[in-house]
Amino acid sequence: MHHLLRLKTSKRIVQVSFSLISVCSQISKHVYCSLSAPAIQPLPTQPSQFHTNLSEINRYIVSYNKRITSHIQCGDLNSALQVFQSMKMKNTVSWNSILAGFSSKPGKLKEARQLFDGIAEPDNISYNLMLACYFRNGDVETAKEFFRKIPIKDTASWNTMISGLSWNRMMDEAREFFAAMPRKNAVTWNVIISGYVESGNMESALELFEEAPIKGVVVKTSIITGYMRSGKVELAEKTFHEMLERNLVTWNAMISGYVENGRGEDALKLFKKMMELDIQGNPSSMSSVLLACSNLSMLKLGKQIHQLVFKSPICFDTKVGTSLVSMYCKSGVLEDGWELFMEMRLKDVVTWNAMISGYAQHGVTHKALNLFNEMRNQGMKPNSNTFIGVLSACNHAGLVELGVHYFEKMQKDYGIEVKSEHYASMIDLLGRAGKLTSALDLIKRMPYEPHSAMYGSLLGACRVYKNLEIAEFAATKLLNLEPSNPFAYVQLANVYAAKKEWDSARRVRRAMKDIRAIKTPGYSWIEIKNVIHEFRSGDRLHPELKNIHRKLNELEKKMKLAGYVPDLQSVLHDVTEDEKERLLLLHSEKLAIALGIISLPLSEAIRVFKNLRVCDDCHLATKYISAIEVEYRANHRIVSMRHGIALHDLNSFDLHLNKALDSCIKIFENVPKEYLKLLRLDEFRRSENEQLHRGIQRYEGSSKEIQVLKLIHEVLVQELSKRPH
């Protein structure tokens, strides 16, 4: 049984239909009620009762709409939906609020359409939200059809159409709609110009920029972004300085642009100026600045920004948290990165990728792969970048079969397209493992045109394994792509030198000189008391050079006593062995480490950074530099060192140290066997530590022999107390 009643409100005549089970009414601005009563309620008999409750109903709906919007702004779509479903009365704003949440999230097209179809009287906002949803999910054809069916197309509808086509890189069609649009506003010009900037067509963007009737902050910021992306930093700076009005997005465009163009110091200076003007940064600002700190290896400044973030409302933002995790990992402080990762309330796939890649770069393969498994167990779907981190972890540990397994699994089980970056990781993995033929075969059968980095990786592996045939092939291909690339000449010359074909090596170096190809010089740097100290190999300019050389000579003696043998193959010059040893000792990373030892307190970690890959000898020598903690970072990889032992090399440490001890045993044949036996790593126990110490004290050998025994004993105690159980 239904009772019909016509009410007159201040805004419109509303027909209300009462049911004995539920009440569905439209009051004020499209108010929809759906009240389920536990028992039959007495029906209102006087219209005045509805006038009395109208303001209450409006307050109720507005408060719930605010809660929905708040949840959506926090990215909590599930809570927003729960609030929406619990509403006993909804208006069009309610429906649009929840629709906005679903339409803005990729993969929710079906749910968004169901919500849209549930709106009794959709308005222009409803139509525009649904139109944007189609574009966001890549369904361009349906979006076009939907646009044609919109009963009244307002300016926002046209702007949404142009924006959606631009977002999908369909600039020709976007331009057609722009030309056909009856009335354009500032947003229209912003959208089309930004579209051209995003597509990399600065020529068309600047053409329209000149035609724009109003050149506001938004469109000028787009031009700054375009200049930065095309490497025209000076033009971006000129545009920025000429702007009388700027917003936070403008500042962010300049800061991120500086970082993208390798000018991190300028980014930090501009950020400082922004803070001095009392302009509060947002997640994008902090992410760019933290990336600048990572690139410049400025951990202390990164920590200060972390403190700034901690005191601000954005401390729980996922993007900022991810940037902090990445900054700590890239700076070599895995523990702090992991602690932050665990504290984050909301983690997206980028957060997981940052931590997995951090472990991978440090060579902590088992943690990287365990985290990948945990990620899947928690229902987080990996993406393309996830597998780049996983393959990198396999690469640094030499896990060829496991790398091949994941390489095949990503497409078969996850439907992820194998991109050139994944092929590059696999080629590097196979090359490092000495499977040069397999790496070459993968290059030949990959569906992409090989790029220079792939041939460079193969060429580098050829140097290690002295494969001249494949090296010449890779160098030829690399030079075909980049005729003036100095890397190809240097690596090919190194392969000839490793094979002791000195004439060929000289010929290649001469050819490199003839075309004026300049090799990127290797250098290392270290931060001490907020000052960056930079070194080149054989550096002669540092004011502390005398003390550095003294410390290096001291370290060399101690390392050799502990079993260190210089890897002379790392010197690819036709000189004497003594000259090779001297050249190795003065490598930039060793100079930086020596400065760190003499300048920093024992309690402080030494962090040395390098722009190129570490040579084999420096990697080996660093392991033998004990009694301090060293974190050593190369251009593409960070190697954490603790008391001379690389964390990822703990499995091979036993072998290296036993070989060193064997050498000492052979040298000092008159040392009592019971003492030497205790020095063997596989027989050393903590319970024997005191016995060995007493034995060394009682031993009446030469002072040099006792010094060696004490040194080895100290290394053993330190190592076995530090290594993980």
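Only the coordinates and a few stated rules stand behind these numbers; no lab work does. Computed from a predicted model, the values in this text were never measured in an experiment. Positions of Cβ are generated from backbone atoms using ideal geometry, with glycine treated the same way; all protein chains shown enter the neighbour counts.
Any of K66/K108; K232/K303; K144/K412; K303/K419; K367/K409; K232/K311 with alpha carbons more than 24 Å apart? Name them for me.
On the way: K66/K108 22 Å; K232/K303 31 Å; K144/K412 34 Å; K303/K419 35 Å; K367/K409 20 Å; K232/K311 36 Å.
Pairs exceeding the cut-off: K232/K303; K144/K412; K303/K419; K232/K311.
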Euclidean distance of C-alpha centroids, the range 178-208 and the range 464-529, integer Å: 47 Å
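Only sites in a loop by DSSP and with at most 16 other Cβ atoms within 10 Å count here; which GluC sites (Glu not before Pro) in the range 399-478 make the cut?
On the way: sites: E401, E408, E417, E421, E469, E472; in loops: E417.
For GluC sites (Glu not before Pro) across the range 399-478 that sit outside H, G, I, E and B with at most 16 neighbouring Cβ atoms in 10 Å, the list reads E417.
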Out-of-range pairs (alpha-carbon distance over 22 Å; input K477/K513; K105/K153; K215/K269; K269/K300): K105/K153; K215/K269
Packing rank of 484-497, 534-547, where each peptide gets the mean count of other beta carbons within 10 Å, highest leading: 484-497, 534-547
In sequence order, calculated HN-Hα J values of the range 464-470 (Karplus, 6.51, -1.76, 1.60; Hz; x Gly/Pro): 5, 9, 6, 9, 6, 5, 5
Angstrom value of the Kirkwood radius, inverse mean 1/r, which spans all Cα pairs in the range 270-429: 16.5 Å
Calculated from backbone phi, Karplus (6.51, -1.76, 1.60) coupling profile of the range 303-316 in Hz, x at Gly/Pro: 5, 5, 5, 4, 5, 4, 5, 4, 8, 10, x, 8, 5, 9
Backbone HN-Hα couplings from phi across the range 318-334 [Karplus 6.51/-1.76/1.60, Hz, Gly and Pro as x]: 5, 5, 5, x, 5, 5, 5, 4, 5, 4, 5, 5, 5, 8, x, 9, 5
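Hey, what's the Cα Rg ratio for the range 442-514 versus the globular rule of thumb, 2.2 N^0.38 Å? Before the final figure, lay out the partial values.
Numbers: Rg = 11.9 Å, N = 73, 2.2 N^0.38 = 11.2 Å.
Cα Rg divided by the expected 2.2 N^0.38 Å: 1.06.
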